[in-house]
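See structure below.
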Amino acid sequence: MEAAALSRIGLAGLAVMGQNLALNVAEKGFPISVYNRTTSKVDETLDRAQTEGQLPLTGHYNPRDFILSIQKPRSVIILVKAGAPVDQTIAALSAHMEPGDTIIDGGNEWYENTERRIIEAENKGLLYLGMGVSGGEEGARNGPSLMPGGSFQAYNNIKDIVEKVAAQVEDGPCVTYIGEGGSGNFVKMVHNGIEYGDMQLISEAYDVLKNVGGLSNVELGEIFDEWNKGELESFLVEITADIFKVKDEHGEGELVDKILDKTGMKGTGKWTVQQAAELSVAAPTIAASLDCRYLSGLKDERENAEKVLAEAGMKDQVMSVRSGVDKKRLIDDVRQALYASKICSYAQGMNLLRAKSVEKNWNLNFGELARIWKGGCIIRAVFLDRIKKAYQRNPNLASLVVDPEFAKEMVQRQGAWRRVVGLAVSAGISTPGMCASLAYFDTYRRGRLPANLVQAQRDLFGAHTYERVDREGAFHTEWTKLARKSG
Ligand code: 6PG
């Protein structure tokens, strides 16, 4: 009997992302073998391959048959839960793989786990890639943004596939070789940190327009649709407009008003903030988004605090502030504040990537990173083309805030930005992300900060010494003695 034709690539792990990515690969003309521990998932994927166009996809029910069905040098994508399940899957599959074959982890993995697995794979003669996959179910099926890092040879083995499978934008496929080691996972992690920041800033714009502006969900849907035609054009703004239009099937009004205000999270935003602290990179907007997720989780405490503080005399200022607000102007101010805050948030994310790139000698290409985020991923936005151009103008840009074009835009928008933050503060509507971005902007742009006093305090109580603005050296002063003497 003629041997079955071998597949070009394999994918193990047929949950939502894996199943859809496998179908995408097959649809682009690359015969693919799939495997999953739960065999029903294999059958489900086979059925979809048939109904979605007799796609060249074969299903396998044990690791050995799966691996032997793939042409050499074999490339196998695994899409299972990050952590131990990845190690278990690697163990099961690598037992049948041969030197020169490649394992590609497509999950949201912690970059150091990938770096450990690269070494373990090398000890078996295998190549390894940690590949961020962004875009959710729709992206996986029709065009994600892909962030592969690790073995360059392994990348070259699948370059033709990933360049077809990735989302396509006018300046190429949304995939590039990110760099060595765990760089692909790290870039995906920072993508998620930026995603957290974006989602927080959008939720604050919604909060201000709804409460200070008194906008209805219908008006909010129209405003976000309008914003999606300009500088804020993006996947997250687009889906936000859609969300405001969905009616609640169980009662009156829109569904969005019935959703419990407690945010879930899988961890990549936390890793981003941890890494910012490790690298001494300020990322206040991303950190604010994480804190807001934590605070949203304290629903019972917040409901109690609302009561206690009302009893303590807290008055709701929203209506009084709203009565003095020009709605049309507020809407445009919020648009400008959202855009300016976004620039700061992306500046923080890019600075974090730069610091890690230096530490790990990854030589990340920030223009390329912005380019592959233009399509497919959750933070895809017109804005990213501007960031790409900023880094093409100056690859060593210290911060997006000082890119001449972004600098001009922030200065033009700071009036609106300050008005929105001021109104929100007066109305008692928290805007932690917008405030963090504005404070970041107002701190980074000043040549002189009150850090001189902090240095004096540290030297007074800890003799940590200080530098002077007018002469070289480290100095210590007997502050208390001198203060008493002069007293
Ligand atoms: C993507 C998303 C995805 C992420 C979900 C959930 O790029 O497609 O970032 O990878 O897992 O958005 O993230 P949280 O549960 O942490 O919000």
Single condition residue 267 does not satisfy, out of (1) of a type outside the set (Lys, Arg); (2) modelled with pLDDT under 95; (3) in contact with a Gly (Cβ under 8 Å, 6 or more places away or on another chain): (3)
Qualifying residues in segment 152-168 (those that are outside any helix (DSSP H, G or I) and within 16 Å of the ligand (Cβ to nearest atom)) - the one nearest to residue 382 (Cα to Cα): 167
Qualifying residue in segment 428-436 (condition: open to solvent by less than 50 Å² (accessible area, probe 1.4 Å), within 23 Å of the chain's Cα centre (by Cα) and among the small types (Gly, Ala, Ser)): yes
Residue match in segment 262-269 (condition: part of a helix (DSSP H, G or I), under 24 Å from residue 193 (Cβ atoms) and within 12 Å of the ligand (Cβ to nearest atom)): yes
Evaluation of residue 411 against (1) away from the ligand (no atom under 16 Å from the Cβ); (2) closer than 23 Å to residue 332 by Cα; (3) in contact (Cβ under 8 Å) with a residue 12 or more places away in the chain (one fails), failing number: (3)
Cβ pairs under 7 Å, 6+ apart, first in segment 440-464 and at negative phi and without any contact (Cβ under 8 Å) to a residue 60 or more places away in the chain, second open to solvent by 70 Å² or more (accessible area, probe 1.4 Å) and among the charged types (D, E, K, R): 464/458
Residue 74 being open to solvent by 50 Å² or more (accessible area, probe 1.4 Å), away from the ligand (no atom under 16 Å from the Cβ) and of a type outside the set (Gly, Ala, Ser): no
Contacts under 8 angstrom Cβ, first residue in segment 124-136 being outside any strand (DSSP E or B), partner within 7 Å of the ligand (Cβ to nearest atom), 6 or more apart: 135/377; 135/378; 136/378
Residues (among the β-branched types (Val, Ile, Thr) and either assigned to a helix (DSSP H, G or I) or without any contact (Cβ under 8 Å) to a residue 24 or more places away in the chain (or both)) located in segment 353-407: 358, 372, 387, 401, 402
Any hit, segment 133-151, residues being crowded, with 16+ Cβ neighbours inside 10 Å, over 29 Å from residue 367 (Cβ atoms) and within 16 Å of the ligand (Cβ to nearest atom): no
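Yes/no per residue for (1) over 17 Å from residue 87 (Cα atoms); (2) of a type outside the set (Lys, Arg):
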{"site": "111", "(1), (2)": "no, yes"}
{"site": "126", "(1), (2)": "no, yes"}
{"site": "142", "(1), (2)": "yes, yes"}
{"site": "159", "(1), (2)": "yes, no"}
{"site": "162", "(1), (2)": "yes, yes"}
{"site": "165", "(1), (2)": "yes, yes"}
{"site": "179", "(1), (2)": "yes, yes"}
{"site": "185", "(1), (2)": "no, yes"}
Segment 244-254 - residue that is open to solvent by less than 100 Å² (accessible area, probe 1.4 Å) and free of Cβ contacts under 8 Å to residues at least 12 places away in the same chain and, of those, nearest to the ligand (Cβ to nearest atom): 246
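The values are calculated or read from the model by the stated rules, or taken from the named source; none is laboratory data. Note that the structure is predicted; figures quoted are calculated from it, not measured. Every residue, glycine as well, gets a Cβ built from its backbone with ideal geometry; the counts of neighbours run over all protein chains shown. Heavy atoms of the whole protein, side chains included, go into the accessibility calculation; ligands, DNA and RNA do not. Shrake-Rupley method; radii C 1.70, N 1.55, O 1.52, S 1.80 Å.
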